[in-house]
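The values are calculated or read from the model by the stated rules, or taken from the named source; none is laboratory data. No experiment lies behind these values; they were computed from the predicted model shown. Cβ placement follows ideal geometry from the backbone for every residue including glycine, while neighbour counts extend to all protein chains displayed.
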Amino acid sequence: MASDQRTPLIAGNWKMHGALAESRELVASIAAGVAGATGVRVLLCPPYVYLTSVAEWIAGSEIALGAQDLSEQTGTGAYTGEIAGGMLTDVGCSYVIVGHSERRSIYGETDSQVAAKFQAAQSQGLTPILCVGETLEQREAGQTQDVVAGQVQAVLDAAGIEAFAQAVIAYEPVWAIGTGLTATPAQAQEVHALIRGMIAALDGTIAADLSVLYGGSVKGANAGELLAMDDIDGGLVGGASLSADEFLAICRAASS
């Protein structure tokens, strides 16, 4: 392990799921399950409207709070429906996801917009979790490395290598999100090594400390094999984060 920054990070992305009562029960179960745990960092990313409540429920624990997205706008203004990074820090967030594949595919976010959100997050005191990954068509066409490298490079060009000293990258093959399909440990490791190699070519120290997470149908049954890979430093967990038992199983795999 290169540093404390690469202590395994397990981040739960709830997406647009959950009611308030069931969210409270979920958080209580997760908090009880990770109490006193060592060797793993835990992050919860609920929908915007539950951030304040989750912040209260995890107060006093080691669990961190994150948001699922933010605006690239860094100040106040006439941006109806948008959420600024400063608002997220105000309610206790320390992380924010940027460039999730669903934001890219459903809402048309471009590499340049993702880069702007990455910079906006950092300028307002948040650690961005930059999501990158290829579609099934791109993988079958042998374009995985070009696609992922291009997505990382767009942020490098905009923000510079130094920005990655305070960032996380999550590789999420689009074809493995919500499908039940999962990249094999070897497939995931190959892309994670590519990402770390790109950063290492510019700054070896930053690359050694950079947390690179895997996201794509991570569950208790496959977490151990994935997290055993040299360059996989944790998981960005979707559906399994809605089950305390599954999420805690992944946390245990990360801490072992």
_Against the condition among the basic types (Lys, Arg), modelled with pLDDT of 95 or more and under 17 Å from the mean Cα position of the chain (by Cα), how does Arg103 come out, does it pass?_
yes
- Task: Can you confirm whether segment 231-247 contains a residue that is modelled with pLDDT of 95 or more, within 17 Å of Leu44 (Cβ to Cβ) and among the charged types (D, E, K, R)?
- Result: yes
Scanning segment 23-56 residue by residue, those within 20 Å of the chain's Cα centre (by Cα) and free of Cβ contacts under 8 Å to residues at least 12 places away in the same chain turn out to be Val49
Apart from one, (1) crowded, with 19+ Cβ neighbours inside 10 Å; (2) within 18 Å of the chain's Cα centre (by Cα); (3) closer than 26 Å to Met198 by Cβ all hold for Leu65; the odd one out is (3)
Filter segment 28-40 for residues that are of a type in the set (A, V, I, L, M, F, W, C) and within 9 Å of Ala244 (Cβ to Cβ); the one that is surrounded by the most Cβ atoms within 10 Å (Cβ to Cβ) is Ile30
In this structure, is Val49 under 27 Å from Glu172 (Cα atoms) and part of a strand (DSSP E or B)? no
A careful count of residues in segment 74-100 that are modelled with pLDDT under 95 and crowded, with 16+ Cβ neighbours inside 10 Å gives 1
Screening Ala167, Ala183 for residues that are of a type outside the set (Lys, Arg) and either at pLDDT below 95 or out of contact with any Pro (no Cβ under 9 Å at 6 or more places or on another chain) (or both) leaves only Ala183
Given the conditions (1) closer than 25 Å to Gly12 by Cβ; (2) small (Gly, Ala, Ser); (3) outside any helix (DSSP H, G or I), every one holds for Ser105 apart from (3)
Exercise. Can you confirm whether segment 63-78 contains a residue that is in a helix (DSSP H, G or I) and either touching a Cys at 6+ places or on another chain (Cβ under 9 Å) or within 22 Å of Gly235 (Cα to Cα) (or both)?
Key: no
Screening Gln113, Gln5, Gln119 for residues that are part of a helix (DSSP H, G or I), surrounded by 13 or more Cβ atoms within 10 Å (Cβ to Cβ) and at pLDDT below 95 leaves only Gln5
